[in-house]
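The values are calculated or read from the model by the stated rules, or taken from the named source; none is laboratory data. As the structure is a prediction and not an experimental result, all values here were calculated from the model. Reconstructed Cβ throughout: ideal geometry from the backbone, glycine too, with neighbour counts over all protein chains shown. Just the protein is used for accessible areas: all its heavy atoms, side chains included, with ligands, DNA and RNA removed. Shrake-Rupley method; radii C 1.70, N 1.55, O 1.52, S 1.80 Å.
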Amino acid sequence: LVTKQGNPARGEQIFRRESISCFKCHAIGGAGGKVGPDLISLGASAQVDYIIESLLNPNAKVKENYHTVVVVTDEGRTYSGIKLRQTDQELVLRDAEDKEIRIPLKSIDEQADGSSIMPAGLTEKLTEDELVDLVRFLSELGKLGDYSVVKTPLARKWQALIPDNGSRYQLLRKGFGVTATDAPELTWKTEYSQVNGALPIRDLQEYSFGPKFRNRPQDEMAFVRTEINVSSAGTAELIFDSPTGLTLWVDEIPTEIGP
């Protein structure tokens, strides 16, 4: 069914659903969670039956270095996560929320290997057709074609502004450039691009300010931001597929964009 009927485009949309939270633990090309392995080359390195078994029974074959460690402290607290490192003083785990947990070695009462950090039963939320499409998408990752992550630098991790009262007030009071600051009143949600680098507009929450707000013809708009790591001084070039409908700020500075 996967090879004959599976639709990888539909499967990618299923992978991106919040209800199954794939990006919470897994990354594709560095964009996503770090709890589980990066799936950038999964389809090129794993057979379809292996992918299916991993989804239906996560504990069947856990990739090396991705077993959980369960720790009980002398205070009776239990922690579980992937082991990142251990020093003479502490054990550092990464939990399912992608957060680091530091546990002093002297406080550890019990420690044992656990199971896969991927919970069982995630596929119960999917129909058979959806599972087939999801597996087809995963089986295409890393192969030549539409689902191969290109080496061209792309903005793959974004923050999308959530339209709440606090952010709306800041936009009206300080202008749209405030979105390129660390204003604590703004609430952001992490969004990831698709494998091809596109950020689907349908996934963004829109603001409505009324027609021709501040001489802008569009009634509804969304705000996203991304960061660029600069390793050395010089000129950086940003290339957009199309500047139509876009306004750009670098920090709080409005920046002209063209074709």
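The value of relative contact order for segment 108-259, using C-alpha pairs under 8 Å at least six residues apart, is 21 percent. Using the Karplus relation 6.51 cos²θ - 1.76 cosθ + 1.60 with θ = phi - 60°, the per-residue 3J(HN,Hα) values for segment 4-20 come to 8, 10, x, 10, x, 5, 5, x, 5, 5, 5, 4, 7, 4, 5, 5, 10 Hz, with x marking Gly and Pro.
Ranking 19, 79, 108 by how far each Cα lies toward the positive end of the dipole of the chain (charges on Cβ) leaves 19 at the top. If you work out Cα extents along the principal axes in Å from the coordinates, which of (1) 47, 46, 41; (2) 63, 53, 39; (3) 55, 40, 30 do you get? Matching the structure shown: (2). Based on C-alpha pairs under 8 angstrom that are at least 6 apart in sequence, the chain has a relative contact order of 19 percent.
Each label point was placed 7 Å from the Cα along the Cα-to-Cβ direction; for residue 174 and residue 228 their separation is 2.3 nm. Electrostatic tally near residue 15: other residues with Cβ closer than 12 Å to its Cβ, Lys and Arg +1, Asp and Glu -1, net 0.
Per-residue SASA remark: residue 105, around 50 Å² accessible (1.4 Å probe; ligands, DNA and RNA not included).
For residue 83, the accessible area of its heavy atoms, probed at 1.4 Å with every protein chain present, is near 100 square angstrom. Reported to the nearest whole Å, the Cα centre-to-centre distance from segment 105-175 to segment 86-104 is 22. The long axis of helix 165-174 is offset from the longest Cα principal axis of the chain by roughly 40 degrees.
How much of the accessible area of segment 220-259, in percent, comes from carbon and sulfur atoms when a 1.4 Å probe is used?
Numbers: 1800 of 3620 Å².
Carbon plus sulfur share of accessible area: 50 percent.
Given only helices, namely DSSP H runs of n ≥ 4 each adding -39500 (n - 2.57), what is the per-residue ellipticity at 222 nm of the chain, to the nearest 500 deg cm²/dmol? Walk me through the numbers before you get to the answer.
Numbers: 7 runs with 52 residues, N = 259.
The helix-only estimate for the chain comes to -5000 deg cm²/dmol at 222 nm.
Per-residue surface analysis assigns residue 100 an accessible area of about 90 Å², computed on protein heavy atoms at 1.4 Å probe radius. Applying the Karplus relation 6.51 cos²θ - 1.76 cosθ + 1.60 with θ = phi - 60° to segment 91-107 yields 3J(HN,Hα) values of 10, 10, 10, 10, 8, 5, 8, 6, 10, 7, 10, 9, 10, x, 4, 5, 9 Hz, where x marks Gly and Pro. At a probe radius of 1.4 angstrom, the accessible area of the chain per residue rounds to 63 square angstrom.
Sum up the charges of everything whose Cβ sits under 14 Å from the Cβ of residue 250, counting Lys and Arg as +1 and Asp and Glu as -1, but leave residue 250 out.
Details: positive: 225; negative: 227, 237, 251, 252, 256.
So the environment of residue 250 carries a net charge of -4.
Could you tell me which residue out of 242, 66, 48 lies farthest along the dipole of the chain toward its positive end? Charges go on the beta carbon: Lys and Arg +1, Asp and Glu -1, centred on the Cα centre. The residue sitting farthest along the positive end of the dipole is 242.
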